[in-house]
Amino acid sequence: MSNMKILVTGAAGFIGSALCEKLAISGHKILALDNFSSYYDVGLKHFRVKEFLEPHDIDIHNLDLQDKIEIDKLIKKFEPEVVINLAAQAGIRLGVSETFNYVGSNLVGFSNVLISTIENKVPLFLYASSSSIYGDNSQIPYSENEQNLHPTSFYGASKLANELLTPTLIKGSSTSARGLRFFTVYGPWGRPDMAYFRMIANVISKSEFNFFGDGSIERDFTYINDSVSSITGLMNELKSHGQGYADVVNVGGGHPVSMNHLLETINLQTNSKVEFNRLDANSNDVMKTMADSTLLNKLIGSYPQVKIEEGIANTIKWAQKPDISANLDKWVKSVN
């Protein structure tokens, strides 16, 4: 695989930091961007930078994607062959008054990066989409051909907007694009707003854990290493398509697990018991997500296969490290 210049946004994020490390190890030159937003404790982002980026001499630029002029400058100067846009306002539970965060990041920021990528004739553009775009009306397992897309959250709708906007600008350009529909990525260094993270933090540092609904909702959990391998595989495969090409691919293994099963797994592996407050189900939550991984497998010859038991075991081991466990409660409390 020839070495490329790759720009990664959201590089201090969970997926972004792990991806930067993998790309750097493969010999690529990385330009990393992040705006270090305070949606959750920025300390965790700095931790990731130290863990994944600094050892590989990857410089990270503190930049908000709503600043189109600065993005343009960086892309012109760096001349990347690939732009991977992972920056986003994550999570589905922001209140109505905070909705502008999704607009700024996932719509304005996204459009700025896409437009600059096309204007500067960058050959490849990959971007984070989400299983949230499928909503509750899609056929299970979720297939990329599904037409009945009605996201249940503003977040999901903003990701679907990315998928609708991209082909309109890509056609006739010298860029080809691919949306990555991620399914509940989890693992060490993950996001403290996620249920698995909060369950583990509850056991290790007695952080408060709110359990929404009866635990029957199911998620197609995708281990971080599987997700990152899928991204690099899909990046390389995208090179084989012509200019102006655009598609979307599920990044998930198709093995949904209920919240109750997740809870049991963590109880079993920590030989403890997650203590929780039972709250009503959240209207932004879909009942079940499940990826059809046929296309992913066809394109790159593999798909996510790490079992939830193994992934959770690795995450618990990480969370028990002294410098991590000392911060868990603070990280959990940093997200409402």
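The values are calculated or read from the model by the stated rules, or taken from the named source; none is laboratory data. All figures in this text were calculated on a predicted structure; none of them were measured in a lab. Note that each Cβ is placed from the backbone with ideal geometry, even for glycine, and that neighbours are counted across all protein chains shown.
A few points about this structure:
- Pairs with Cβ under 7 Å, 6+ apart, first in region 29-41 and over 22 Å from LEU328 (Cβ atoms), second surrounded by fewer than 19 Cβ atoms within 10 Å (Cβ to Cβ) and of a type in the set (Lys, Arg): LYS29/LYS5
- Inclusion of LYS288 among residues that are under 20 Å from the mean Cα position of the chain (by Cα) and surrounded by fewer than 20 Cβ atoms within 10 Å (Cβ to Cβ) is warranted.
- Filter result for the condition that a residue is modelled with pLDDT of 95 or more, closer than 20 Å to ARG181 by Cα and surrounded by 19 or more Cβ atoms within 10 Å (Cβ to Cβ), over SER129, SER105: SER129
- Among the residues of region 201-210, just one is crowded, with 19+ Cβ neighbours inside 10 Å, of a type outside the set (S, T, N, Q) and in contact with a Leu (Cβ under 8 Å, 6 or more places away or on another chain), namely ALA201.
- Counting residues in region 162-170 that are surrounded by 15 or more Cβ atoms within 10 Å (Cβ to Cβ), over 19 Å from the mean Cα position of the chain (by Cα) and more than 27 Å from THR99 (Cα to Cα) gives one or more.
- Residue tally, condition in contact with a strand residue (DSSP E or B) (Cβ under 6 Å, 6 or more places away or on another chain) and not hydrophobic (A, V, I, L, M, F, W, C), over region 11-33: 3
- Restricting attention to region 218-233, the residues that are aliphatic (A, V, I, L, M) and either closer than 18 Å to ASN314 by Cα or over 20 Å from the mean Cα position of the chain (by Cα) (or both) add up to 2.
- Remark: pairs (first residue in region 68-84, among the acidic types (Asp, Glu); second residue part of a helix (DSSP H, G or I); Cβ separation under 8 Å; 6+ apart in sequence or on different chains) = ASP72/SER116; ASP72/GLU119.
- Within region 211-263, if we keep just the residues that are in contact with a Pro (Cβ under 8 Å, 6 or more places away or on another chain) and among the acidic types (Asp, Glu), the residue that is surrounded by the most Cβ atoms within 10 Å (Cβ to Cβ) turns out to be ASP220.
- Of everything in region 1-47 that is surrounded by 24 or more Cβ atoms within 10 Å (Cβ to Cβ) and polar (S, T, N, Q), the residue that is nearest to PHE197 (Cα to Cα) is SER17.
- Out of MET194, MET259, MET199, sole residue that is under 30 Å from LEU165 (Cα atoms) and among the hydrophobic types (A, V, I, L, M, F, W, C): MET194
- Pair list, Cβ under 6 Å, 6 or more apart: region 294-308 residue over 22 Å from GLY187 (Cβ atoms), other residue at pLDDT 95 or above and crowded, with 20+ Cβ neighbours inside 10 Å: LEU295/VAL249
- Counted residues, region 49-67 - those being over 19 Å from the mean Cα position of the chain (by Cα) and in contact (Cβ under 8 Å) with a residue 40 or more places away in the chain: 3
- Residues located in region 141-161, provided they are under 16 Å from THR184 (Cα atoms), modelled with pLDDT under 95 and either more than 15 Å from the chain's Cα centre (by Cα) or surrounded by fewer than 19 Cβ atoms within 10 Å (Cβ to Cβ) (or both): PRO151, THR152, SER153
- Among the residues of region 222-250, those that are farther than 15 Å from LYS307 by Cα and aliphatic (A, V, I, L, M) comprise VAL228, ILE231, LEU234, MET235, LEU238, ALA246, VAL248, VAL249.
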